[in-house]
Amino acid sequence: MNTAHSTLQPAIRECADAVALIAAHIQDEQLQGRTPCEKFTVAELVDHLGLTLQSAARAARKEAQPAAGAGSAVSPQDLADCASLAAVAWSEGAAYEGTTEFGPGEMPADFAASITLQELVLHGWDLARATGQSFGVSEDAGQVALGVVEQVAERARSNGSYGAPVPVPDDAPALHRALGASGRNPGWNG
């Protein structure tokens with residue numbers, strides 16, 4: 001088992017389970033609500049995250065990605081299924097080896113796994129906050145997520161994916177520090 005698999009896989013599984021649980025409890029009347037990710041409503045974020053997780057599962061399996069815009073709208077139940085399928089796909093050690101097609105093009109497979117975790121954590125938390133739910137992940141998963149967010153933060157800020165860092169105390173949970181590093185306020189309440 002390579003290091004990326006042994007570190008990322010349990011965090012991906014835990015965060016995918018958390019996202020699936022959150023998605024299962026999103027109510028229809030919440031779909032047009034605001035999220036901490038200002039460019040998305042709840043419905044738009046469900047769709048974005050679901051399509052991203054579909055792509056992540058294909059990346060883990062080393063399958064070709066469909067043409068841009070080829071996906072159909074994702075419901076909360078679809079998102080729960082996508083989260084589970086992505087976690088299963090990233091459970092295989094071979095998924096982390098070599099290169100794969102994901103997002104903007106080909107990249108190291110272990111980096112694609114990192115991006116998958118980042119999407120699960122940040123957008124999973126966004127959905128939880130927007131719908132009045134908790135995003136319960138262990139400190140271990142939070143630490144792995146923090147490492148990923150810190151790894152991509154500079155590039156993500158330069159392309160507009162992350163906002164300016166939000167100050168978070170050094171002794172705050174790792175998840176809160178990851179949120180702050182991504183430009184999210186861990187105390188966001190709509």
With only helices counted (DSSP H, runs n ≥ 4, each -39500 (n - 2.57)), the per-residue ellipticity at 222 nm for the chain, to the nearest 500, works out to -18500 deg cm²/dmol
Apply the Karplus parameterisation 6.51 cos²θ - 1.76 cosθ + 1.60, with θ equal to phi minus 60°, to every residue of region 97-107 and state each ³J(HN,Hα) to the nearest whole Hz, in sequence, with x for glycine and proline. 9, x, 10, 8, 8, 7, x, x, x, 7, 7
Which cross-chain or sequence-distant (5 or more) residues have an amide H under 5 Å from the amide H of T99, H modelled 1.01 Å from N in plane? A109
GNM of the chain, Cα pairs under 10 angstrom: of P76, P104, P36, the biggest fluctuation goes to P104
Karplus-derived HN-Hα couplings along region 48-63 (A = 6.51, B = -1.76, C = 1.60, θ = phi - 60°), whole Hz, x at Gly and Pro: 4, 5, x, 5, 5, 5, 4, 5, 5, 5, 5, 4, 5, 8, 6, 9
If R₀ is 45 angstrom, what is the calculated FRET efficiency for the pair T99 and E29, using the beta carbon separation as r and rounding to 0.05? 0.55
Between T41 and A67, 0.36 nm times their residue separation minus their Cα-Cα distance comes to what? 6.9 nm
Once S91 and E106 are pulled to full extension, the length gained, defined as 0.36 nm per residue separation minus their Cα-Cα distance, is 3.4 nm
In region 1-45 the accessible area split gives carbon plus sulfur, as whole percent at 1.4 Å, a share of 51 percent
What's log10 of I(q)/I(0) for the chain at q = 0.09, 0.17 Å⁻¹, Debye sum over Cα points only, no solvent? -0.28, -1.10
Computed over region 1-158, protein heavy atoms only, probe 1.4 angstrom, the accessible area per residue in square angstrom equals 46 Å²
Using 0.36 nm per residue, how much length does the chain from R157 to A172 gain when fully extended, once their Cα-Cα distance is taken away? 3.2 nm
How much net charge surrounds A181 when only other residues with a Cβ under 10 Å from its Cβ are counted (Lys, Arg +1; Asp, Glu -1)? +2
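The values are calculated or read from the model by the stated rules, or taken from the named source; none is laboratory data. Just so you know, these numbers come straight off a predicted model, no measurement behind them. A quick note on method: Cβ atoms are made from the backbone with ideal geometry, for glycine too, and the neighbour counts reach across all protein chains shown. Surface accessibility is based on the protein's heavy atoms, side chains included, excluding ligands, DNA and RNA. Shrake-Rupley method; radii C 1.70, N 1.55, O 1.52, S 1.80 Å.
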